[in-house]
Amino acid sequence: MDKLRNMEVMVAVVEAGSFAAAARQLQISAVMVGKHIQQLEAHLGARLFQRSTRQNSLTEVGAAFYEDSKRVLEQVRWAESAVERSRAVPQGLLRVSAPFTLGNHVIAPLVADFLKRHEQVRVDLQLTDSVVDLAGEGFDLAVRIGQVVNEGLVARPLRPYRMVIAAAPAYLQRHGTPRRAADLAQHQCLSHSVWQRRVEWTLRDGKEEFFWPENARFVCNQGDGLRQAALRGLGLIMQPEVLLADDLASGALVPVMQHCLPVPRPVHLVYAPDRRQLPKLARFVEFVVAALGTA
């Protein structure tokens, strides 16, 4: 019986919330997840989960064993990383988390360029707009937009995250070019469903503050969907500069109201202090900072 593997599966079940979710995360079948748990319970002579038709909840023994297993697995990862730190050549798996749009358009290309230089490194890049738990979810580092909450992490500043307001030339010819934030009320605006009512992208026009209109004709939960609509002349779009850069450069989209743009948000590369000496991590951090800078 592989005790460590069984413990990894058990921790994954608890943190993923179900056998099925843990199976997807571990890329094994739900049946195999159940077998690992059964082996563990048989070895311990105790039931770890209280099973029902609706959910699986930890027993009192299971809750204690879960906490101990997390500590054991972290010690194993530390022992493995100690060996890796002794190697001069970067190698092994590097797990990176990044926000979807920034990750897709900026971080993913950088990862590809990095891998070309370091043939013994493998990268698992996970794109999500959720804030991941680095240690708990097994990530080496993450790219985060916004202020970094003090979590005891090293935070390296990168280029700020800027927004752009733009539209296709055809739309501006039909509806005119907005000059002030107040003009948005007379325009067709394309809106992202996630930040409709959030305040981090407040528009400023002189002393007045405005929010992006909520009564949008087209709402989407992905920026690229809004971009496609804007390219077809459906309306005004406010999206990250990194998403629209190529369209702005080609003239497919035209920037407007540049004096009203929201304040750029800070971006950081974050990682645990005890992992900074890993060659794969140190080289990747250097590579990203050199490419993106802090300006």
Subject >> the chain - charge dipole about Cα centre, Lys and Arg +1 at Cβ, Asp and Glu -1, debye rounded to 20 >> reply: 320
Original post:
Taking a probe of 1.4 angstrom, what is the accessible area of residue 43 in Å², to the nearest 10?
Top reply: 100
**OP:** Show that you can apply the helix-only estimate: for the chain, add -39,500 (n - 2.57) for every DSSP H stretch of four or more residues, divide by all residues, and state [θ] at 222 nm to the nearest 500.
**Re:** -12000 deg cm²/dmol
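What does the highest-first list of 70-78, 152-160 look like by mean Cβ count within 10 Å? Could you put the intermediate results ahead of the total?
Numbers: 70-78: 13.0, 152-160: 16.0.
For the peptides 70-78, 152-160, the packing ranking is 152-160, 70-78.
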**OP:** List the residues whose amide H sits under 5 Å from the amide H of residue 141, counting only those 5 or more places along or on another chain, with H placed 1.01 Å from N in the peptide plane.
**Re:** 95, 97
Original post:
Rounded to a whole number, what % of the accessible area of the chain do carbon and sulfur atoms account for, probe 1.4 Å?
Top reply: 49
Original post:
Mind checking which of 193, 130, 29 has the largest fluctuation in a GNM of the chain, springs on alpha carbons under 10 Å?
Top reply: 29
**OP:** Over the alpha-carbon set of segment 130-189, work out the extent along each principal axis and list the three values in angstrom, largest first.
**Re:** 52, 20, 19
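The values are calculated or read from the model by the stated rules, or taken from the named source; none is laboratory data. Remember, it's a predicted structure, so these values are computed and weren't measured experimentally. Quick reminder, even Gly has a Cβ in these numbers, built from the backbone with ideal geometry, and neighbours come from all protein chains shown. Surface areas here come from the heavy atoms of the whole protein model, side chains and all, with no ligands, DNA or RNA. Shrake-Rupley method; radii C 1.70, N 1.55, O 1.52, S 1.80 Å.
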